[in-house]
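In what follows, a single structure is set out as C-alpha cells and then discussed.
Since every read-out is calculated from the coordinates, none of them should be taken as a lab result. If you're wondering where the values come from, they're calculated on a predicted model, not measured in any experiment.
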Amino acid sequence: MDDDLTWVAWECTVCGESNEAPVDPAQGLPQKFTEDCRTCCRPNLLRITRDSEGDLMTHVVFDE
C-alpha cells in the first residue's frame with residue numbers, strides 16, 4: 001500500500017541531481033536496491049539504514 005511508503009531523498013553519483021525513492025520500512029532495514037536517476041537515467045545502488053536517533057539514512061553508490 002502506497003500509504004505505508006516513506007520517501008527518501010538521494011543525490012545521483014553520476015550527475016549530482018536530487019532524486020527521491022520510496023522505501024517501505026515495514027520490510028525491515030537495512031534495505032538495498034537499485035534506482036535509476038530521473039535526470040541521467042544511470043543506475044545508483046541505494047542502501048537505507050537508520051541512524052542512532054531512528055531517522056532513515058540513504059547511502060548511494062554508482063551501480064555499473
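Evaluating 6.51 cos²θ - 1.76 cosθ + 1.60 at θ = phi - 60° for every residue in region 39-52, the Karplus couplings come out as 9, 9, 6, 7, x, 10, 8, 9, 10, 9, 9, 10, 8, 5 Hz, glycine and proline recorded as x. Decide, for the chain, between rounded, prolate and oblate: order the square roots of the alpha carbon gyration tensor eigenvalues as a ≥ b ≥ c, take rounded if a/c falls under 1.5, and otherwise choose prolate if a/b is larger than b/c, else oblate. Prolate shape, in that a/c is at least 1.5 and a/b is the bigger ratio. Residues whose amide H comes within less than 5 Å of that of Arg42, counting only those at least five positions distant or on another chain, are Cys37 (H built at 1.01 Å from N in the peptide plane).
For Val23, the residues 5 or more places off, or on other chains, whose built amide H falls under 5 Å of its own are Thr6, Trp7, Val8.
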